[in-house]
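Report on the following structure.
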Amino acid sequence: MPTSLVTGAAGFIGSHVVDALIARGHNVIALDDLSGGFVDNVNPKAVFIEASCVDHTRLDRLFREYKFDYVFHLAAYAAEGLSHFIKRFNYTNNVIGSVNLINEAVKHEVKRFIFTSSIAVYGKNQLPMREDLVPAPEDSYGVAKYAVELDLKASHEMFGLDYVIFRPHNVYGERQNTGDKYRNVIGIFMNQLLAGDPLTIFGDGEQKRAFSYVGDVAPIIAESATLDAARNEVFNVGADTVYTVNQLAAEVMDAMSAKQSINHLPARNEVVDAWSDHSKVQRIFSIHEETPLSEGLSRMVEWVRQVGVRKSKPFEGIEIEKNLPGSWRQTTHE
């Protein structure tokens, strides 16, 4: 039975990857610092360890205690827009934490390192986003993710560490942290509707995205550990159907059978349109049909109604106040 380490395992994508690995016969060690996830998300068949990837001494002990065949690195603070204003925090968590894991994977001869990057590495005006395009990230989060991608390539060439890189986008589904005000628009919308609040949209709402159901993404990530054709490759993974944020708001209200007004906030400095080409991942992996947005939302709504309204913690430690969106400035000083 292979032994796999999954970081970010209490987050909603990580927890679904844990489930998929256990179903494939893996012994799973699930690591998370619980800064954005919930221990209840973690499959009880996994061994849960509360720790941070930034703590390199803890990782050293962990890798000495277990003989990991595979590392699945999903831990990150994935708030693209906010990352401009928390650069030190962003790079410490998303780069240094990743490098700590890469160091241990090299030293302990892990068979394969699977990393979830982001389509944030592409930047703007590269549609559809394809793996053969030259990344040009527009925010600090995208810069951090691309830096780790480059380090994995360098570590393969220097030390022989095999890897698989995924660039998922706009993933949603059960176990998402709907109380997080800074990321995951579907979760934000559902939490606002449960609370009876207006939906908030930055700008005119005509920015376009493809929204990816977690049940379509997690099994592909899990499969990559032992799929030879995936070794040392980069894959976009997610949905193909594109929606405006205004259309998404209407879909979420329909799914929840709830109507609210929409409060349009000043536009953020962000990539306006972002969606990917998935022909490469479809050639290599066992892909089922894309879960329609209406179906994925219906599954998520059932779960959201069970957990109820979640309160968000304001992000403490904003490093740059200049040009910080007003709504975020208010939440940081509650």
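Things to note:
- Residue within region 20-28 that is surrounded by fewer than 22 Cβ atoms within 10 Å (Cβ to Cβ), touching an Asp or Glu at 6+ places or on another chain (Cβ under 7 Å), farther than 18 Å from Ser117 by Cα and among the polar types (S, T, N, Q) present: no
- Qualifying residue in region 159-169 (condition: farther than 30 Å from Tyr66 by Cα and either surrounded by 19 or more Cβ atoms within 10 Å (Cβ to Cβ) or in contact (Cβ under 8 Å) with a residue 60 or more places away in the chain (or both)): yes
- Given (1) touching a His at 6+ places or on another chain (Cβ under 9 Å); (2) at pLDDT below 95, number of the condition Lys208 does not satisfy: (1)
- Those residues of region 68-98 which are outside any strand (DSSP E or B), more than 18 Å from the chain's Cα centre (by Cα) and within 18 Å of Ala9 (Cα to Cα), in sequence order: Phe68, Asp69
- Yes/no for Pro135 being farther than 29 Å from Lys311 by Cα and in contact (Cβ under 8 Å) with a residue 12 or more places away in the chain: yes
- Answer from Thr57, Thr7 - the residue that is among the hydroxyl-bearing types (Ser, Thr, Tyr), closer than 22 Å to Val121 by Cα and either at pLDDT 95 or above or surrounded by fewer than 19 Cβ atoms within 10 Å (Cβ to Cβ) (or both): Thr7
- Taken as a whole, the structure leaves Leu101 outside the set of residues that are touching a Gly at 6+ places or on another chain (Cβ under 7 Å) and more than 30 Å from Glu321 (Cβ to Cβ).
- Residue list for region 22-72, restricted to those being under 22 Å from Ser312 (Cβ atoms) and among the hydroxyl-bearing types (Ser, Thr, Tyr): Ser35, Ser52
- Screening Ala51, Ala78, Ala46 for residues that are among the hydrophobic types (A, V, I, L, M, F, W, C), surrounded by 21 or more Cβ atoms within 10 Å (Cβ to Cβ) and either modelled with pLDDT under 95 or in contact with a Lys or Arg (Cβ under 7 Å, 6 or more places away or on another chain) (or both) leaves exactly one candidate, Ala78.
Rundown of residues vs (1) in contact with a helix residue (DSSP H, G or I) (Cβ under 8 Å, 6 or more places away or on another chain); (2) over 28 Å from Pro128 (Cβ atoms), yes/no style:
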residue: Ser224; (1), (2): yes, no
residue: Val237; (1), (2): yes, no
residue: Thr244; (1), (2): no, no
residue: Ser276; (1), (2): yes, no
residue: Arg283; (1), (2): no, no
residue: Ser298; (1), (2): yes, no
residue: Val309; (1), (2): yes, yes
residue: Ser312; (1), (2): yes, yes
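- Residue check, Leu101 touching a residue at least 60 places away in the same chain (Cβ under 8 Å) and part of a helix (DSSP H, G or I): yes
- Residue ID - farthest from Ala79 (Cα to Cα), chosen from residues in region 44-55 that are touching a Leu at 6+ places or on another chain (Cβ under 9 Å) and of a type outside the set (A, V, I, L, M): Phe48
- Only one of Leu152, Leu127 that is surrounded by fewer than 19 Cβ atoms within 10 Å (Cβ to Cβ) and either within 23 Å of Ser279 (Cβ to Cβ) or not small (Gly, Ala, Ser) (or both): Leu127
- Number of residues in region 100-124 that are within 15 Å of Trp275 (Cα to Cα) and basic (Lys, Arg) equals 1.
- Selection status of Gly179, of a type outside the set (S, T, N, Q) and in contact with a Ser or Thr (Cβ under 9 Å, 6 or more places away or on another chain): yes
- Per the conditions (1) of a type outside the set (Asp, Glu); (2) modelled with pLDDT under 95; (3) under 30 Å from Leu161 (Cα atoms), the sole criterion not satisfied by Pro266 is (3).
- Residue in region 272-286 that is loosely packed, with under 13 Cβ neighbours inside 10 Å, acidic (Asp, Glu) and under 28 Å from Asn90 (Cβ atoms) present: no
- No other residue among Ala20, Ala30, Ala10 is part of a helix (DSSP H, G or I) and of a type in the set (Gly, Ala, Ser) apart from Ala20.
- Verdict on Ser257 being among the polar types (S, T, N, Q), closer than 13 Å to Ala210 by Cα and at pLDDT 85 or above: no
The values are calculated or read from the model by the stated rules, or taken from the named source; none is laboratory data. Quick caveat, the model's predicted, so the values are computed rather than measured. For neighbour counting, all protein chains shown are included, and Cβ atoms are generated from backbone atoms with ideal geometry for every residue, glycine included.
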